[in-house]
Amino acid sequence: MRKIRTAIIGTGFMGKVHSENVRRVGNVELAAIAGANAEDARAFANSIGVEHSTGDYRTILDDKTIDAVHVLTPNALHFPISMAAMQAGKAVICEKPLTLDANEARQMVEYAEAHNIPNCVQHNLRYYPVVQHIRQMIAAGDLGDVLIVQGTYSQDWLLYDTDYNWRVERASNGALRAVGDIGSHWMDMIQHVTGLKITALCAELATFHKERKKPKFSVETFTGKTLNPDDYDRIAIDTEDFASVLLRLGDRARGCYTVSQMSAGNKNRFEIEVYGTKSGVRWNQERPDELWIGNRNSPNQIIVKDPSLLKGPAAGFADLPGGHSEGYDDAHKQVFKRFYAKVADPSAPVDYPTFAEGLWGMHLLGKVIESNAKRGWVDC
Ligand code: NAI
Ligand code: SOE
């Protein structure tokens, strides 16, 4: 079997996660690393045992032996790097949010479709086994008609004004921070599990820290907790820390969610609840193998992931027996398995999130900005 040769572009949090998990896919070889500069790239490549590294991703795009790339940089670089990679004929997995705006995302979709290039936006959170079980329950009508969706994506890693990351800056991140960074996951997830589209929304954004103290040197995602007072510059902030969003999903279903990067004690609480005419479900990423099922006329249940009990195709997203937890890393691996099956065999199904879905996500983010600006409902 010829292995697909892939490269990682970006050596931070996602650089680690993608490197480790793409290596769990049998038909893929991690062949090269590109970083922001040669030193970062080499240090990272050494730490994970990859021979080839570069401080200029274009070197990788020029390499005809590389079949695919993972774009894992700050958001503003997703579009130029992904477009250049596709123009060089590489299959592309790009992190979320896909781009800075829908216009960039549309160009990526059009290019990929016109040139038949396998493309994926990394909405990995869909691929927890229990989430897929919820999806199958809803498709089978176990919940009845969906009436209510609600939930949150709440974190606390930007609670203090000394917490800093490229995400707080528009130029690197885009205009929406909390909604773009984690609301993008929530909206993707709720549409994926219910099969419904968000058809209108009403959003309010809040920036609690109008000014933050920026470290004078770079800090990686989630790691800015150990600096001293002299290590900072004061920077004005115009991206949101928190948002609340009301939703309509078609004629009947209604919902709301909050996103926050300043809710003390919430490390990575991504919670969805779906209530239908028969029953409801609640799932929290921090306890990924558990599913709460709410009933009106019988006791509520908590079920635990077990492939032999997962509904239909959901079992295909669990690679370990019941009682053996499958978490964040495993959800990434599930995307990679399916994406690289497609890269290896063009007749394989598209069983992973595509740039077209990333474009819809960017469209919704644009609607959040529009709604907040006009202080009212907007149709999507
Ligand atoms: P990070 O700040 O930890 O890493 C970003 C890396 O990109 C850094 O190593 C930086 O040096 C590198 N970089 C910057 N310019 C570059 C260039 N020109 N060429 C190559 N590398 C360059 O950020 P993190 O958390 O890894 O986020 C990266 C992306 O992944 C973001 O778009 C973010 O939204 C997304 N993400 C997705 C997650 C998921 O669960 N799907 C989780 C965390 C992040
Ligand atoms: C930071 O908020 C972050 O790493 C996001 O960028 C990811 O998408 C999310 O899954 C975890 O938190």
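For the reader, a short list of remarks on this structure follows.
- Checked against (1) in a helix (DSSP H, G or I); (2) under 21 Å from the mean Cα position of the chain (by Cα), THR152 meets all criteria but (1).
- Test for ILE93: is it touching a His at 6+ places or on another chain (Cβ under 6 Å) and within 22 Å of ASP330 (Cα to Cα): yes
- Residue within segment 132-149 that is within 19 Å of the chain's Cα centre (by Cα) and part of a loop (DSSP other than H, G, I, E, B) present: no
- Residue in segment 89-98 that is modelled with pLDDT of 95 or more and surrounded by fewer than 18 Cβ atoms within 10 Å (Cβ to Cβ) present: yes
- Some residue of segment 216-226 being touching a Cys at 6+ places or on another chain (Cβ under 6 Å) and either open to solvent by 60 Å² or more (accessible area, probe 1.4 Å) or without any contact (Cβ under 8 Å) to a residue 60 or more places away in the chain (or both): no
- Looking across GLY55, GLY15, GLY10, GLY26, one residue alone is more than 9 Å from ligand 1 (Cβ to nearest atom) and modelled with pLDDT of 95 or more. It is GLY26.
- Per this entry, VAL149 is not counted among residues that are closer than 22 Å to SER19 by Cα and either open to solvent by less than 10 Å² (accessible area, probe 1.4 Å) or touching a residue at least 24 places away in the same chain (Cβ under 8 Å) (or both).
- Candidates GLU240, GLU273, GLU326: the one that is crowded, with 17+ Cβ neighbours inside 10 Å and outside the structural domain of ASP142 (by TED's automatic domain parsing) is GLU326.
- Tally of residues being touching a strand residue (DSSP E or B) at 6+ places or on another chain (Cβ under 9 Å) and open to solvent by 40 Å² or more (accessible area, probe 1.4 Å) across segment 22-39: 3
- The conditions of being modelled with pLDDT of 95 or more and assigned by TED's automatic domain parsing to the domain that holds LYS197 are not met by GLU357.
- Segment 56-97, residues that are polar (S, T, N, Q) and within 16 Å of ligand 2 (Cβ to nearest atom): THR73, ASN75
- Some residue of segment 186-206 being in contact (Cβ under 8 Å) with a residue 40 or more places away in the chain, closer than 23 Å to GLN285 by Cβ and of a type in the set (Ser, Thr, Tyr): yes
- Applying the set (1) open to solvent by less than 20 Å² (accessible area, probe 1.4 Å); (2) farther than 16 Å from ASN295 by Cβ; (3) out of contact with any strand residue (DSSP E or B) (no Cβ under 6 Å at 6 or more places or on another chain) to SER154 leaves exactly one unmet item: (3).
The values are calculated or read from the model by the stated rules, or taken from the named source; none is laboratory data. In this text, all values refer to a predicted model and were calculated from it rather than measured experimentally. Cβ atoms come from the backbone with ideal geometry, glycine included; neighbour counts cover every protein chain shown. All accessible areas refer to the heavy atoms of the entire protein, side chains included, with ligands and DNA or RNA removed. Shrake-Rupley method; radii C 1.70, N 1.55, O 1.52, S 1.80 Å.
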